[in-house]
1. Please state, to two decimals, what the Cα-based radius of gyration of the range 172-240 comes to when divided by 2.2 N^0.38 Å (N = residues).
2. Starting from the Cα gyration tensor of the range 16-167, multiply each eigenvalue by 5, take the square root, and state the resulting semi-axes largest first in whole Å.
3. Quick one: go through the range 89-108 and flag any residue whose amide nitrogen is under 20 Å from the point 7 Å out along the Cα-to-Cβ line of Asp47.
4. Treating each Cα of the range 178-300 as an identical point scatterer and ignoring solvent, apply the Debye formula and state log10 I(q)/I(0) at q = 0.09, 0.15, 0.20 Å⁻¹.
5. Taking neighbour Cβ counts within 10 Å as the exposure measure, how do His342, His143 sort from fewest upward?
6. Return the distance in nm (one decimal) between the two label points of a simple spin-label model at Arg311 and Leu103, each offset 7 Å from Cα along Cα→Cβ.
7. At 20 Å minimum axial length over the Cα atoms and a Kyte-Doolittle cut of 0.0, report the qualifying DSSP H helices in the chain, or say none.
8. Which translational diffusion coefficient, to the nearest whole µm²/s, is obtained for the chain from the Stokes-Einstein equation, given a Kirkwood hydrodynamic radius over C-alpha pairs, 25 °C and 0.890 mPa s?
Amino acid sequence: MEKSSKMCGKQSLLFANPPYVTAGSSIAGKKEGEGPLGSYFDQVEEDPMFGGTTWEDAESRMMRRAADLAIKKAGITKEDIRYMVGGDLLGQLIATSFGIMELEIPLFGVYGACSTMGESMAIGSVLVDGGFADKIMAITSSHFGGAEKQFRFPLAYGSQRPLATSWTVTGSGAVILDKEDNRSKNLLDKEAPVCIKGVTIGRIVDYGVKDSMNMGACMAPSAYKTIAANLNDLGVKAEYYDKIITGDLGYIGKDILIDLLKQEGIDISKNHMDCGIEMFDKETQDTHSGGSGCGCSAITLNSYIIPKLRRREWKRVLFVPTGALLSTVSFNEGNPVPGIAHAVIIEGM
């Protein structure tokens, strides 16, 4: 009897035909390259403009570079990819639309703020598992200059940053999801195949936080709700995962998340990791609460998390990119900042 994918609990899916992660790329900016993960990235670009003329142009160029590199590493052509699923932080997803337009691949443009990589991988996995595509590219990006210009103050303004503020990562990451693990036999002998076992789709959570400079406090409640839902839907404990990895809560958000989960009797303090904390050296890089942005979790995933699964250092992780759902319009109208988080179960086979 053929296995079928199934819904678990209220928010989770387990795949009967788990998509394989066959390749991933990580393009980072200069500051990110100077951080603790710098040696792991595929490319570190010294020029913040990436050869372009505006911050937005720079991000589009960075995203195209990430897409091209993922395709090359997978040993395929752009024509092999059925769909792309991706987005960015800029209004109307302009980094994505201008960045990957010339690839001429059908696109699902998505916006989940900094949770976009999780959302893109979830949608892509559903398409592959359901037999609607053989190969999918999930892609996202963020750029410090573009994000500051859109959400805060242009860099030339020289505004001071509160200590709760996180630093938007200049980075782009792309993942190739495939119904088969088409890497070479030699690689398979040495490395574990990695697949997407399931997902937990987050819901919008609003705890009334209005401080747009404190993204960690805005997003931690949504991470708490999604992680708790995943554990409850699957009927497992936090120890089921070698690591539970949030996207960009930073130091403040991490503490809030752990406290909220402890109120539910869930302790993730021993196996939790946050990409925003790992991205920068707090003592030497002056990034305050850590890193943020769509690119933060994306480049950490491809440069650090997936390789550890391939080397069998970890067997199973829960990857939980987090996003703050605000705009300059909503913030200036006095609205709070809701959050959302999507969880992706990634396993080394």
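FYI, it's all coordinate maths here, none of it is from the lab. Keep in mind the model is a prediction, meaning the values are calculated, not measured. Neighbour counts run over all protein chains shown; Cβ positions are idealised from the backbone, glycine included.
1. 1.63
2. 28, 16, 15
3. Once the point is set 7 Å along Cα→Cβ of Asp47, 95-96, 98-102 turn out to lie under 20 Å by backbone N, inside the range 89-108.
4. -0.31, -0.79, -1.16
5. Neighbour counts put them in this order, fewest first: His342, His143.
6. Simple spin-label model gives 2.8 nm for this pair.
7. For the chain, where a helix must reach 20 Å along its axis and average at least 0.0, the hits are 215-234.
8. Translational D for this selection: 125 µm²/s.
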